[in-house]
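Enquirer: First the structure, which I've put down as C-alpha cells, then a few questions once you've had a look.
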Amino acid sequence: MAGKLLPEAIAAKGFVDTAIGLHPAAIAAANGYLAAAAGTSTALGNAVTAIGKIQTALMPSGAIAPPSKIGVNITGAILSQLTTVLTAITAAGVAAPLLPEPTATTTFGVQTGIVTTTLPLISSAITVGLITPQSPV
C-alpha cells in the first residue's frame with residue numbers, strides 16, 4: 001500500500017520539476033529576470049507548501065529517517081534547500097536590473113547558478129527521500 005503522504009510528495013516533485021523547466025527562460029530574460037522568474041517562484045512556493053504538509057503530518061510522531069521510512073529530517077533538509085533557492089532567485093532579481101555592470105553580472109551568475117544546480121538535487125531528494133520509501137513494492 002502506498003503511503004498516505006505520497007500524493008503530497010509527488011506534487012512537490014512536480015512543482016520542482018516545473019521550476020526546473022521554467023528557470024532557463026528567466027535567466028535568458030536577463031534584466032527582466034525577476035518578472036520572468038515569477039512562475040519559477042510560484043512553483044517553488046507550491047513545493048514548499050506540499051513539503052510543509054508532509055512535515056506537519058510527521059511532527060507529532062517525531063519520525064526520523066532511518067529508522068522511519070520518511071522523517072522530519074528529510075523534509076527539513078528539502079525545505080532548507082528550497083529556501084536557499086528562493087533566496088537566490090530574489091538576489092538574482094535584485095542584480096538583474098543592473099546588468100551588465102560587472103558586480104551585478106557576477107552576482108546574477110552566481111545566484112542563477114545556485115538555482116540551476118540546486119533544483120535537480122531537490123527533485124532527486126524528493127524522489128529518494130519521500131516518494132520511493134512510500135511507493136508500493
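Values quoted throughout were computed directly from the atomic coordinates according to the rules given, and no laboratory measurement underlies them. It should be emphasised that the depicted structure is a prediction, and the values quoted were computed from it without experimental measurement. For neighbour counting, all protein chains shown are included, and Cβ atoms are generated from backbone atoms with ideal geometry for every residue, glycine included.
Enquirer: Within the range 49-72, can you find the residues that are surrounded by 17 or more Cβ atoms within 10 Å (Cβ to Cβ) and hydrophobic (A, V, I, L, M, F, W, C)?
Expert: Ala50, Ile51, Ile54, Leu58, Ala63, Ile70, Val72 - these are the residues of the range 49-72 that are surrounded by 17 or more Cβ atoms within 10 Å (Cβ to Cβ) and hydrophobic (A, V, I, L, M, F, W, C).
Enquirer: Could you list, in sequence order, all residues of the range 107-137 that are surrounded by 18 or more Cβ atoms within 10 Å (Cβ to Cβ), more than 11 Å from the chain's Cα centre (by Cα) and under 30 Å from Asn31 (Cβ atoms)?
Expert: Those that are surrounded by 18 or more Cβ atoms within 10 Å (Cβ to Cβ), more than 11 Å from the chain's Cα centre (by Cα) and under 30 Å from Asn31 (Cβ atoms): Thr107, Phe108, Gln111, Thr112.
Enquirer: Taking only the range 64-87 into account, find how many residues are more than 11 Å from the chain's Cα centre (by Cα) and among the small types (Gly, Ala, Ser).
Expert: Going through the range 64-87 one residue at a time, the tally reaches 4.
Enquirer: What are the residues in the range 120-137 that are free of Cβ contacts under 8 Å to residues at least 24 places away in the same chain and closer than 17 Å to Ala19 by Cβ, if any?
Expert: Ser124
Enquirer: Can I ask one more? Does Thr103 fit the bill of being part of a helix (DSSP H, G or I) and more than 30 Å from Asn31 (Cβ to Cβ)?
Expert: Against the criterion (part of a helix (DSSP H, G or I) and more than 30 Å from Asn31 (Cβ to Cβ)), Thr103 does not qualify.
Enquirer: State the number of residues belonging to the range 21-47 that are surrounded by fewer than 17 Cβ atoms within 10 Å (Cβ to Cβ) and either at positive phi or of a type in the set (A, V, I, L, M, F, W, C) (or both).
Expert: Result for the range 21-47: 6.
Enquirer: Would it be correct to say that Ser61 is touching a helix residue (DSSP H, G or I) at 6+ places or on another chain (Cβ under 8 Å) and without any contact (Cβ under 8 Å) to a residue 60 or more places away in the chain?
Expert: So Ser61 does not fit the description; no.
Enquirer: Quickly run through the range 89-137 and pick out the residues that are within 30 Å of Lys69 (Cβ to Cβ) and in contact with a Leu (Cβ under 8 Å, 6 or more places away or on another chain).
Expert: Ile122, Leu130, Ile131, Gln134, Ser135
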